[in-house]
Structure formats: C-alpha cells, structure tokens
Amino acid sequence: MDDSPAYTPPKVWTWNPGNGGRFANINRPVAGPTHDQPLPVGRHPLQLYSLATPNGVKVTVMLEELLALGHAGAEYDAWLIRINDGDQFGSGFVQANPNSKIPALVDHSGPAPVRVFESGAILLYLAEKFGAFLPAGGAERAECLSWLFWQMGSAPFLGGGFGHFYAYAPAKIEYAIDRYAMEVKRQLDVLDQHLAGRPYLAGDDYTIADMAVWPWYGTLVKGQLYEAGEFLQVHEYTHVLRWTNQIAQRPAVKRGRMVNRTWGQPSSQLHERHDAADFDKLAAQG
C-alpha cells in the first residue's frame with residue numbers, strides 16, 4: 001500500500017507554485033496571458049498553432065488527409081508552440097484560445113478571421129468546411145459524432161489521470177495509479193469490443209472519429225505512450241491493434257505525425273510546416 005504521509009486538505013486551498021512536479025513552471029490557477037507575444041501569420045488561409053502531442057496530431061492528420069483528397073483550401077501553416085516554455089500564455093495565443101491549450105486554429109479564408117480551439121471542435125469545423133470525413137446525416141453521422149465526443153470526454157482520464165500519476169507525478173500514489181489504470185483498461189475494452197465488428201469507429205468509413213481517437217489510444221496500444229504498454233497489457237486489445245496499424249499506414253497520417261514534433265528521430269521532426277515541400281526537405285536532410 002501507499003506509505004506516503006497522509007494528506008488532510010486545508011479548509012481553504014492555496015497555491016504552492018513549487019508543488020507542481022514536472023510542470024510546475026507552467027501550471028497556475030489563473031487564466032490569461034503572462035507576456036506579450038503576437039502570433040505569426042503565414043501565407044495560407046489556415047494558421048495552426050500547435051505541438052505534436054496527441055491532441056495536436058489529430059489536427060495535422062486531418063489537414064494532411066484533406067490535402068490528400070485534393071482540397072487545396074486546406075493548405076496550412078503549422079507554427080510550433082513550445083508548451084514547456086509557456087508559449088501558450090503569450091498574448092497572441094490567448095487571443096486564439098483563452099484556455100491556453102494547444103491546438104488552436106485561425107481561419108483567414110473569410111472576410112474576418114475565425115478562431116477555433118479544442119481539438120474536437122477543430123476537427124468538426126474542418127469536416128463541415130470541406131465536406132469530408134463526416135457522414136452527411138442519419139445514424140452514421142450520429143455514430144461518428146458520438147465517438148468524437150467520447151474521445152474528448154475519455155482522454156482526460158488517460159492523460160491528466162493515468163498519464164500524470166503513472167509518468168509525471170513527483171510521488172507514486174497507488175490509489176491514483178490503480179484508479180486510472182482501471183479506467184483506461186475499461187476504455188480500451190470499450191474500443192476493442194466495438195471494433196470487433198467494424199473496420200472503423202463509425203462503421204465502414206474512416207472519419208474524424210478515428211482521427212480523434214487514434215493519436216491517444218492507438219499510440220497507447222503500441223506501447224508508445226507513457227511507456228505503459230506492459231503495465232496495461234495492451235497486447236490484449238487485438239481489435240484496437242488491428243485498427244491502429246491500419247490507420248498508421250495511411251500516408252497522410254505519417255505526414256501529420258511529423259508536424260510540430262520536437263522529439264524522437266530527427267527524420268520524424270518537422271518543427272514547422274509551411275508548404276508540402278517541407279516534408280521533402282526534411283527527407284533530404286536525413
């Protein structure tokens with residue numbers, strides 16, 4: 001059992017800036033900008049400000065998939081937001097997303113810029129804008145949106161719950177790790193049972209639901225998220241693994257994973273993307 005000293009919450013919580021573990025330098029209990037830092041704007045209609053975390057990968061995969069379908073209007077500039085340096089608290093980013101989380105998208109294709117924040121909202125906005133990867137109506141559309149919102153509601157248990165206490169918390173707390181490991185395995189079982197009877201989450205077609213779920217749960221079952229594959233026995237979820245491997249082979253997915261990436265093999269890191277030729281330049285460097 002956990003042998004750390006018992007903690008009794010005070011009557012009134014007060015912020016201790018040094019009690020945040022790995023992310024103490026960027027976590028705070030208030031919103032708003034901490035410094036003046038305008039956002040750059042490139043030449044394309046769509047301006048993305050992001051980092052290749054699972055939430056960021058959702059959007060770059062979607063944009064690359066749209067371009068692969070021939071939607072020229074989906075050309076985009078992807079600017080790197082270094083969240084460990086606090087770029088998300090710059091004045092420009094806070095204007096794009098008052099919640100100070102990546103990703104944020106600004107669409108300059110109309111008479112006035114349109115900001116879109118929260119990764120699920122961005123996927124839905126782009127799907128409706130270009131008429132792609134979202135069923136037009138009926139049960140298929142309802143199923144797609146249900147899984148999209150399932151991911152938005154479930155991933156905090158995986159990331160801020162299991163991931164935080166298993167990989168990042170300054171002290172290992174048995175109760176917290178056990179609680180969230182149980183929930184993550186339940187979620188994986190939900191996916192595995194569902195995918196046993198269909199190729200993709202919404203049915204026969206690849207949609208924004210898959211793009212939302214794959215960067216989190218696909219990475220997890222490949223043992224690449226929090227290095228928790230053995231701990232969670234992810235090999236048990238064979239239908240999720242089949243789905244994961246199928247999506248990973250898509251050329252647009254391979255490109256989308258590289259954008260705004262700052263870790264791993266240098267050949268996998270395209271820190272910023274301003275033109276399709278940037279992928280070729282990166283390959284030439286490797």
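Which one of these does Ala121 not meet: (1) in a helix (DSSP H, G or I); (2) in contact (Cβ under 8 Å) with a residue 12 or more places away in the chain?
Here Ala121 meets the rest and fails (2).
Confirm whether Val59 is within 27 Å of Leu145 (Cβ to Cβ), surrounded by 17 or more Cβ atoms within 10 Å (Cβ to Cβ) and of a type outside the set (Gly, Ala, Ser).
Judged against the criteria, Val59 is a match.
Say we look at the range 1-35 and pick out the residues that are charged (D, E, K, R), modelled with pLDDT of 75 or more and surrounded by 10 or more Cβ atoms within 10 Å (Cβ to Cβ); which of these is farthest from the chain's Cα centre (by Cα)?
Among those residues, the one meeting the criterion is Arg28.
Of the conditions (1) in a helix (DSSP H, G or I); (2) in contact (Cβ under 8 Å) with a residue 12 or more places away in the chain; (3) not assigned by TED's automatic domain parsing to the domain that holds Leu66; (4) not hydrophobic (A, V, I, L, M, F, W, C), Ser267 fails just one. Which one is it?
Unmet condition: (3).
The values are calculated or read from the model by the stated rules, or taken from the named source; none is laboratory data. Computed from a predicted model, the values in this text were never measured in an experiment. Neighbour counts run over all protein chains shown; Cβ positions are idealised from the backbone, glycine included.
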